[in-house]
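Let me begin by presenting the structure, written as structure tokens, before commenting on it.
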Amino acid sequence: MMQWSDSDLETPILSVSPPSLREAIPELGNGKDIQHTPVLKSQSLMPENHNDRPKESVSMPTSVTDVSLSADRRSQNHLELAETAAKEIPINNGFVPAASNGAAISQSPPELTPKTQESEENSPELGFVPVLKNRNFLALWSGQVFSQLADKVYLVLMIALIDSAFQTENQTMSAWVSGIMMAFTIPAVLFGSLAGVFVDRWPKRTVLVATNLLRGGLVIALPSLLWLSKGWPSLGGLPAGFCLMLLVTFLVSTLTQFFAPAEQAAIPLVVKGRHLLSANSLYTTTMMASVIIGFAVGEPLLAIADTLTHNFGAATDIGKELLVGGSYAIAGVILLLLKTGEKKDTQAHEPPHILADLRDGFLYLKQQRRVRAALLQLIVLFSVFAALSVLAVSVAGQIPQMKASQFGFLMAAGGVGMGIGAAVLGHWGQRFSSTGLSLCGSAGVAVSLIGMSIFTRNLWMVLLLVTLMGAFGSLVAVPMQTAIQKETPPEMRGKVFGLQNNAINIALSLPLALAGVAETFLGLQTVFLVLAAATIAGGLFTWYICRTSSHTLTKADKPSY
């Protein structure tokens, strides 16, 4: 061990910390005999040859207090040096060995900088297990299960009520169903963006709980409303009971416009960035499963519910309403367990500036190219699937083994594919970039559409291609939704998701209205090729925007609202 003599303490000692060492050395004369080996934090640098060291102390702004020793404090200096040596890490008797490249060997882990902590926070973890261990997300997801199931079975319930109470032998079901669909769609167009403004101001849990309980109450009240309306005069040629059904549907859909952006905004509040892809994959899987269950087995579920209520002594068929309304209510009760960690915002107690807040949402999307590109990609994807729902009727009619009325099997195959793709993403999608997944998914959807234009009469090929189309579609939907959640600040999420729902609902109306007309004039194969071209163009555009816009939103980038 090196020994310190009294003569070594007759001149000042220079003490610097490792980050400042290389900058300090040029200022020390020629610095010939000074070792350039970086040292650990809280260690001092002592020249080997004290006769060549500088005669003035150089004080550097370090995390360790610079020590200046003088000859008249020799005895005290011995004690201070001993205490300092005792506190240091015992590597080679208290001194730092140098590696072959001149760097100091440290056995202590490096300190976490804010960037390191952020990278570890956002580093992906594989699988659904970490997400399902999150109690708050588990409550949110469980509420979504019951709420989504109720949403899908609700339309089946309306058809059942129309069939039992209003349809006559000389009437078709389509006119009644069209009225219900219009009542369900109009609020999405009118209130989608406005709902996002209020969602940003209100606590997310309050919105989620209240919208589910209110929807449940409206559905459960339907039998009483229909009973009261008996004998009422018709309105505009429509039975009063059916008008009440339209009103209830309009109110349920309006509440859904508040629920949807609140649910999307709540996911990044309770899920860490590294788990968002898995959370959105599970969300998408649940949504597609509810579509399949709701439309495929909705009618048997309603029949079972009526049978059970009869067994318990109910005089009327109220089991259907209890099933749907009860599902909404259960979702609301489960969501009471949700804790989003939101802080109280004074904006919630201020009157909303609706036009200004809407302007802020549009301004944010205008400034954030990556978010805007992801939103555009989602609009293109959902528009293609909306067109497919119309074209599936013609495809089913051309397949020898199917009837046109059995097009639901094709849609179910697409839902199964999207569910499988989302499940795969939840386990392994974190290994790839969002833009790469989106581009791959767009290419896969385009190839599937091209294949469908070729094999329009082959049942098994069509089922396979529709399933692949759904799987590749999930490679677009899940990463793009995750990207929007990650790059949108909390105070803007309600507005952005409200605008997203509004834009998607408006965009869906175009392919629903034009797909059938385009097929008539252009032919089924040509329409599939046009959809394939639109899909790959949207994927390439999003990939280009994300590659050229490398940064995400920071405080400096935020517009002044």
> Within region 207-227, how many residues turn out to be polar (S, T, N, Q) and out of contact with any helix residue (DSSP H, G or I) (no Cβ under 8 Å at 6 or more places or on another chain)?
Replying inline: 1
> If we scan region 475-492, do we find a residue that is in the same structural domain as PHE541 (by TED's automatic domain parsing), buried (at least 22 other Cβ atoms within 10 Å of the Cβ), farther than 30 Å from GLY361 by Cα and not β-branched (Val, Ile, Thr)?
Replying inline: no
> Only one of PHE191, PHE128, PHE166 is more than 15 Å from VAL248 (Cα to Cα) and at pLDDT 85 or above; which?
Replying inline: PHE191
> Considering only helices (runs of 4 or more DSSP H) fully contained in region 318-426, which possess at least 2 residues that are at pLDDT 80 or above and either acidic (Asp, Glu) or touching an Asp or Glu at 6+ places or on another chain (Cβ under 7 Å) (or both)?
Replying inline: 319-335, 369-398
>> Exactly one condition in (1) β-branched (Val, Ile, Thr); (2) surrounded by fewer than 19 Cβ atoms within 10 Å (Cβ to Cβ); (3) within 27 Å of ARG457 (Cβ to Cβ) is false for VAL424; which is it?
In response: (3)
> Just to be sure, is VAL517 in the same structural domain as LEU363 (by TED's automatic domain parsing), of a type in the set (A, V, I, L, M), farther than 24 Å from ALA534 by Cβ and surrounded by fewer than 17 Cβ atoms within 10 Å (Cβ to Cβ)?
Replying inline: no
> Does MET452 qualify as being at pLDDT below 85 and buried (at least 18 other Cβ atoms within 10 Å of the Cβ)?
Replying inline: no
> Of all residues in region 187-227, how many are farther than 20 Å from ILE267 by Cα and either crowded, with 24+ Cβ neighbours inside 10 Å or of a type in the set (Val, Ile, Thr) (or both)?
Replying inline: 5
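The values are calculated or read from the model by the stated rules, or taken from the named source; none is laboratory data. Just so it is clear, the structure is predicted and the values come from calculations on it, not from any experiment. Note that we place each Cβ from the backbone using ideal geometry, even for glycine, and neighbour counts take in every protein chain shown.
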